[in-house]
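Since the structure comes first, as C-alpha cells, the remarks are kept for the end.
What follows is calculated from the coordinates using simple rules that are stated; it is not laboratory data. All of these numbers come straight from a predicted model, not from anything done at the bench. Cβ sites come from the backbone with ideal geometry, for glycine too, and all protein chains shown count toward neighbours.
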C-alpha cells in the first residue's frame, strides 16, 4: 500500500488488484459503479419476487405458492425494491455525478463512502436469509405493522437488524453528500449555479438524516416489544399499535420523497439538454423541491385515515397533503415550459424523461384522489393504492433512474449505447408497465384488497391482463441488462460532450471519465454551465 | 479553515441532527399521548377518577345516554368474557355499576389484563371510571368464573349530540404475571 500511495499522483492510475480496486476503493466513480451494479442486481431479485406475485394472481384460486409464501413475497419485494434497488441507484448516481457536476476531485469523506456501500451486502444477506430460515421471511408487509409483525417467527429480528444496517448506510451516504456539496464545490460554483440533480440530492440527503433515525427508533421499539417485554405497541401491556403507524409514517412519508426528489433532478437535467434550452424557472425548481421536502414532514397520517382519527386531524392531513400538489405542479409546469419552442430530439434518455413526466403525473393525480378523506375510506388498502404507488415508483423513480443511466452511460463507459435497442427498451417498458398497472386502478375501485394471494372471480380478467403486462415488463428489464452489457463493452466512441445540447462540468471531462478528475479545480465559465446565469 | 476541518465540522453537526432524530423517534411516544389527550381530547389510558370527584358531579336528569358494552378476548387467552347486560341507559352525572363475567377455560391459573376503549373516541374524556377490573391484573384459577364490576359516571359536560356510546374491553393474556403465579404455586406446594 505504501508504494500505492506514493504513486497516487499519477492521474489515471487505477488500483490493479480486484480487491484493491473494488473492496478497498475510496474512488467516487468506482463506489458509484458498485452502488449501481448492486442496485441492478437487487432490481432483478425484487423483480423475480414480483413475478411470483403476478404468477399467483394470474388466475383466482391458489395455484403456485402457499399463502404464507405469497405474503413473504409481497413483503420482501417491497423491502428489496425500496432499500436495495431505488435508494442505492440514486446514491450510485450521486457518487458518480455530484463530484463531476460541482468540480470536486472526489467525495468529501471517501473512506466513509466505501463503508456506506459495503454495509449493504451484509444488510441484504440478513434480510434475504430469512427466506430459508424456519418460519420464513416476515409476512406483515414492508410497513411491519404490529401486532401482525410481532406474531411471526424470529425472522423479524433479522429484518430489524437489516433495516438498522441499511439506515446506517443511508445516513453515512447522506452525510457524505451534504459535506461534499457544502465543502467541495469548485470556486465560482455558487449554490444557485449547481445543477438540479445536485440540488435535489442535497435536499434528499437532509430528508435522509432526519427520518432514517426515526425508522431505526421505530423498529428498535418493535424489537424490544417482541424480545424484551416492553409495551410500546403491545395493547396487552398498555401500548398502542396505532402509535407505531404514526412513528412509521413520520419516517415513511419523507421516505417516498427520498425516492422521487433525485428523479426530479435527473429529469430537470435531461429535458433542457434535449430541448436545447435552459431549464425554465431554475430557482422556482429549487424552491419547489425544498417546499415538497418541508411538506413531506407534516402529512404522514394520510396513510392511515381509517385508524379512527378525530375529524379535525383528518381535515388537516387532507388539506396539507393536497398542498403538495402546488410545488409539484410548479415542477411539471416548468418541465413542459422548458420544452415549449425547444429544438426537441427524442433520444432514449429524453423518451424516459417524457414518460416520467406523463406517467408520474398520473400517479400524482391518483395520489390526490387518495388524499380525499371520504374517498380514501373506499380506496384504503385496495389495488388502487398499489396502482398509485407503482405509477410514482416504477414509472416515476425507476423511469427517472433509467433516464439518468442512459443519459450518463456514455460518460461512464466511453461508448454510446445502441440507440435502437434503447428505444425498443423504452417502448417495450412503457407499454407493458401500463398494461401491468393501469388495470389495477379498476381492480382497486371495484374493491380488490391488496396483499392477498386469492381473489373473487369477478376480478379475474383485469388480474390476468395485469399479470401479462407484468411478465412483459419483467422481460423488458432482462433486455435492459443486455443493452447495458453491450454498451459497457463496445459501441460508437462517445465525445466529451456526448449530447449536442448538454451543458455543465460533467461534460467537460473526457469520456469515459478518467479515474481521477478535477484534481485541480476547474475554472467556472458561467456561460458553459446549465444554470450559470441565475437571472434567466 | 482547511478542507478536512470543514468536513469534520459538517459531520459533527449532522451527527447531532441524526442523534436528535433518533431521540425524536422515541419522543414521539409521549408526544403522541399528549397530542391525543390535550389536543384532540382522546383518553388513551383507562385511568379512573376518585369516588368523591364523581359524586361532585351533578346529575342531569333531562338527558339520557345509552351505554353499550362490548367484550372481546385476544386469541392468545383461553377465556370467555361477556357483559351481564348489553345496554344500560344512564343520566350524565349518575354513578352506575355494570357487571362483566369472565371464565377461565384452561385448567391452570391464568392472569389477564383488560384494556378499555370508548367509542366515539372524542367522548372518551367525559367517560370516567371510579372502579374497574381493568385497573389491575385479574387472576383466575383453572375453570374459575368471576363477576367483575365497573363503576362509571359520565361527565355532564359531555356534548349534547352524544346520545350513545360504547364501552369496550379486550382481555389480553399477561404472560409475565401468569409465569410469576405458576412459579409461586410451585414454590408453595409442600414437597412430599
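Per the Debye calculation on the stretch A:226-336 with a single equal scatterer at every Cα and no solvent contribution, log₁₀ I(q)/I(0) for q = 0.14, 0.17, 0.18, 0.22 Å⁻¹ amounts to -0.68, -0.85, -0.91, -1.14. Over chain A, DSSP H runs of length four or greater, each weighted -39,500 (n - 2.57), average out per residue to a 222 nm ellipticity of -21000 deg cm²/dmol. Summarised in one figure, the compactness ratio Rg/Rh of the stretch A:295-427, Cα atoms and Kirkwood Rh, is 1.09. Spin-label model, residue B:161 to residue A:472: label points 7 Å out along the Cα-to-beta-carbon direction sit 5.1 nm apart.
Any chance you could list P(r) for the stretch A:318-384, counting all Cα-Cα pairs in 10 angstrom bins from zero, rounded to whole %? In whole percents, the pair-distance histogram is 18, 40, 26, 14, 3.
Which of rounded, prolate, oblate describes the protein assembly as shown, given a ≥ b ≥ c as roots of the alpha-carbon gyration tensor eigenvalues and a/c under 1.5 marking rounded, otherwise prolate only if a/b is larger than b/c? Prolate is the answer for the protein assembly as shown, as a/c is 1.5 or above and a/b outweighs b/c. The convex hull of the Cα atoms of the stretch B:51-183, projected and averaged over all directions, covers 8.2 nm². Relative to the dominant Cα principal axis of chain A, helix A:282-295 is inclined by about 30°. The stretch A:447-501 and the stretch B:72-109 have Cα centres lying 56 Å from one another. Ordered by the number of other Cβ atoms lying within 10 Å of each residue's own Cβ, fewest first, A:30, A:454, B:147, B:155 fall into the sequence B:147, A:454, B:155, A:30. With a Förster radius of 25 Å applied to the C-beta separation of residue B:27 and residue A:129, the computed FRET efficiency comes to 0.15. Relative to one another, the C-alpha centroids of the stretch A:115-129 and the stretch A:238-288 are positioned 25 Å apart.
Let me know the whole percent of all Cα-Cα pairs from the stretch A:1-140 that are separated by more than 17 Å.
The share of Cα pairs beyond 17 Å in the stretch A:1-140 comes to 66 percent.
Neighbour counts of other Cβ atoms within 10 Å put B:38, A:29, A:193, B:84 in the fewest-to-most order B:38, B:84, A:193, A:29.
Looking at the stretch B:51-183, the DSSP beta bridges with both ends there are about 80 percent antiparallel. Per residue of A:235-243, other chain Cβ atoms within 10 Å of the residue Cβ number 6 on average. Per residue of peptide B:3-13, the mean number of Cβ atoms on other chains within 10 Å of the residue Cβ is 5. Rg/Rh for the stretch A:397-536 stands at 1.17; both radii use Cα atoms, and Rh follows the Kirkwood definition. For residue A:523 and residue A:492, what does the FRET efficiency come to when R0 = 25 Å and r is the distance between their Cβ atoms, rounded to the nearest 0.05? Here the calculated transfer efficiency is 0.25.
Taking the number of other C-beta atoms within 10 Å as the exposure measure, put A:115, A:507 in order starting with the fewest. Could you put the intermediate results ahead of the total?
Values: A:115 15, A:507 20.
Ranked by crowding around the Cβ, least crowded first: A:115, A:507.
Peptide A:171-181 has a mean shielding of 4, counted as Cβ atoms of other protein chains within 10 Å of each residue's Cβ. Could you work out how far helix A:28-56 tilts from the main Cα principal axis of chain A, as a 0 to 90 degree angle to the nearest 10? That works out to roughly 30 degrees.
Counting every Cα pair in the stretch B:33-98, what percent are over 18 Å apart? Tail of the P(r) past 18 Å holds 62 percent of the pairs.
For the stretch B:129-172, what class follows from the C-alpha gyration tensor (a ≥ b ≥ c being the square roots of its eigenvalues): rounded when a/c is under 1.5, otherwise prolate if a/b is larger than b/c, else oblate?
On the way: a/c = 3.52, a/b = 2.63, b/c = 1.34.
Cα axes put the stretch B:129-172 in the prolate bin.
Taking Cα atoms only, the orientation of helix B:3-34 departs from the longest principal axis of chain B by about 10 degrees.
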